[in-house]
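The values are calculated or read from the model by the stated rules, or taken from the named source; none is laboratory data. Because the structure is predicted, anything quoted here is derived from the model rather than measured. Glycine gets a Cβ as well: all are built from the backbone with ideal geometry, and neighbour counts include every protein chain shown.
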Amino acid sequence: MKKILIVDDQPEVRELVEVTLSIGDYQIIQASSGDEALALARAEHPDLVLLDVMMPNSSLDGFEVCRRIKSDPVLRNTVVIMVTARGQKQDLQMGKAAGADGYFTKPFSPLELMSKVEEVLGE
């Protein structure tokens, strides 16, 4: 069973993503801040991280969490997809520079997200 870490400061968004992914056979873990996300990623070794950029109650934004995951020798092969309201060209470039493997802007299509998850996890 593939493990997915959903990271967003808004519980409603985490729940929406979890419900969307519930049709698949995934173990879902949730984090509400960048700090919590990094700790859970190191402890749980998820196959995929769905990561928000803006987390106002965290010392780490999504770009920094992505950079740290991708620079960690144990986690560097973890797939990271940014799921964020920040959809400007510069945001996409920052996500790519941080090492993100994909970028979804909010609001997003649950079906498109599910398709992307299945694609990156080889389902």
Examine region 72-91 for a residue that is over 15 Å from I6 (Cα atoms) and among the hydroxyl-bearing types (S, T, Y), and state whether such a residue exists.
no
Would you confirm whether any residue within region 78-86 is small (G, A, S) and either touching a strand residue (DSSP E or B) at 6+ places or on another chain (Cβ under 7 Å) or in a loop (DSSP other than H, G, I, E, B) (or both)?
yes
Within region 78-93, restricting to residues that are at pLDDT 90 or above and surrounded by fewer than 22 Cβ atoms within 10 Å (Cβ to Cβ), the one that is farthest from R14 (Cα to Cα) is Q93
Every residue from region 1-33 that is farther than 15 Å from A100 by Cα and touching a Lys or Arg at 6+ places or on another chain (Cβ under 9 Å):
D8, V13, G24, D25, Y26, Q27, I28, I29, Q30, A31, S32
Inside region 95-110, the number of residues satisfying the requirement of being without any contact (Cβ under 8 Å) to a residue 40 or more places away in the chain and part of a helix (DSSP H, G or I) is 3
